[in-house]
Amino acid sequence: KADCITLHPYMGYDSIEPFVVPDVSKGCFVLCKTSNPSSNDFETLSLQSGELLYENVARKCEEWNKATNNIGLVVGATDVEALSRSRKAAPNLWILAPGVGFQGGNLEAAADAGLMSNGLGLLVPVSRGISRAKDPKSAAEELRAVLNSVRVKKQQKEKEKKGDSQVAIEDHQIEFFRLALQCGVLKFGSFTLKSGRVSPYFFNAGLFSSGSALTSLAKCYAETIVRSGIEFQVLFGPAYKGIPLASIISVALKINHNVDVDVAYNRKEAKDHGEGGELVGAPVKGKTILIVDDVITAGTAIRESMELLAREGAKVVGVSIALDRQEKANEETNQSAIQVVQKEFGIKVCSIAGLEHLLSFLKNSPDFSADANVFSSVSKYREKYGSY
């Protein structure tokens, strides 16, 4: 009554046909490249065609699957190269990839190598890595977040490859961009950034400087935070921009979503009189914290906040920002500063909007639809410096 079975292809199609053909609703995963130490005795033998034996198995399974559509492969997640080559040989097959967790497989690398271009096609079983973790729920959620992150990157690359880089844009994101343009927060032109890159747009959240603008901005933040699903007890605003942000966002959460949270922030210099200390506002010891800021450029402010809050006995569970530039942190990596922060601290970062949303806004907004130069320049910048 099992739904799936693993099969050995050594004797060819005759040996697996009795399992594949009678009930095509049942899945059959064929051993392709396993992770046991002696697998290379046979599985990596070179054939006259120039391919390795396991690549031939993958290609054959791709052919066999055309008739029944219920055949997959087993490829160990510990061998990223084998996953990549198996995916190339069998672009349409689902791959069962054991080995993440106690066996040492790197989930991010395995997913990047084994997923189809549409972000599907990979099953990653993890047992001891979750069941023996100090916090199994958190361990499972972290693994899911890593896998989904790679899936999104794959899907985005495929869209850009097809010339369709647009993503769905929500009402609060449209409101955010319109507000940013109205306040002069978002500008287009030629701007030299601290990194030395010449950007076609510039974002200065300090120009959200009126009561009406801050009210609208807080509403966008609150909507983003609620949608993120991050559960927390205290909003923390790093000095200086984070202080008013934490205050107005807490009000918007209460008014618009009936979510009542505490607020805290830090001083740039510790106070040695009065109540003293570095922190002001709600106590943070033993509490879960969401840090709010305008952007993450290098991640320095976030790291400083993480260290400060750790000293105070608090647990940071996430970060919320206004705009994710979605560009490489430096030339040595394809990851953005936000992705580096997420990976380094194992926390979620949610943004009101990202560069991909800005591109969709520019393409569909009546204000910019006639100005192809703005869209083109931002799109080219994304292609050159975009993170994946």
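The values are calculated or read from the model by the stated rules, or taken from the named source; none is laboratory data. Model, not experiment: these values are computed from the prediction. When we count neighbours, we look across all protein chains shown, and the Cβ atoms used for this are built from the backbone with ideal geometry, even at glycine. Please note that ligands, DNA and RNA were not included when accessible areas were found on the heavy atoms of the full protein model with its side chains. Shrake-Rupley method; radii C 1.70, N 1.55, O 1.52, S 1.80 Å.
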Within a Cβ distance under 12 Å of ILE169, other residues only, what is the Lys/Arg minus Asp/Glu net charge? -2
Take LYS88 and ALA140, extend 7 Å from each Cα along the Cα→Cβ direction, and tell me the distance between the two endpoints in nm. 3.7 nm
Summarise the accessible area of the chain (1.4 Å probe, protein heavy atoms) by the percent that is carbon and sulfur. 51 percent
Computed from the beta carbon distance with a Förster radius of 41 Å, FRET efficiency for LYS315 and LEU193 to the nearest 0.05 stands at 0.80
Put +1 on the Cβ of every Lys and Arg and -1 on every Asp and Glu Cβ in the chain; which of SER365, VAL349, VAL234 then has its Cα farthest towards the positive end of the dipole? SER365
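Quick one: longest stretch of the chain between exposed loop trypsin sites (Lys or Arg not before Pro), exposed meaning at most 14 other C-beta atoms within 10 Å and loop per DSSP?
It runs 2-131.
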Would you mind getting the accessible area per residue of region 99-221, heavy atoms of the protein chains only, 1.4 Å probe, in Å²? 54 Å²
In deg cm²/dmol and to the nearest 500, what is the mean residue ellipticity at 222 nm of the chain if only DSSP H runs of at least 4 residues count, each as -39500 (n - 2.57), divided by the residue total? -13000 deg cm²/dmol
Please name whichever of THR288, VAL57, SER376 sits farthest to the positive end of the charge dipole of the chain, dipole taken about the Cα centre and charges placed at Cβ: Lys and Arg +1, Asp and Glu -1. SER376
Evaluate the distance, in nm, between pseudo-label points positioned 7 Å from the Cα of ALA239 and of VAL21 along their respective Cα→Cβ axes. 7.7 nm
Convert 4 °C to kelvin, take the viscosity as 1.567 mPa s, use the Kirkwood radius over C-alpha pairs of region 100-202 as Rh, and evaluate the Stokes-Einstein diffusion coefficient in µm²/s, rounded to a whole number. 75 µm²/s
Under 17 Å from the 7 Å Cα→Cβ point of ARG128, by amide nitrogen: which residues of region 8-49? 35-38
Given LYS1/LYS66; LYS153/LYS363; LYS66/LYS137; LYS154/LYS315; LYS88/LYS348; LYS348/LYS384, the pairs whose alpha carbons are separated by over 28 Å: LYS66/LYS137; LYS154/LYS315; LYS88/LYS348
Could you grab the relative contact order for region 1-75? Cα pairs under 8 Å, six or more apart, rounded to a whole percent. 36 percent
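Where does each of TRP64, TRP94 land when they are ordered by accessible area, with a 1.4 Å probe and the largest first?
On the way: TRP64 50, TRP94 105 Å².
Output order, biggest surface exposure first: TRP94, TRP64.
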Answer label for percent of Cα pairs over 35 Å apart (calculated), chosen among (i) 36; (ii) 24; (iii) 40: (iii)
Built amide H within the under 5 Å cut-off of ALA314, gap 5+: GLY286
When ligands, DNA and RNA are left out and all protein chains stay put, how many square angstrom of accessible area per residue does region 260-341 have with a 1.4 Å probe? 49 Å²
Among residues other than VAL20 whose Cβ falls under 13 Å from its Cβ, what is the net charge (Lys/Arg +1, Asp/Glu -1)? -1
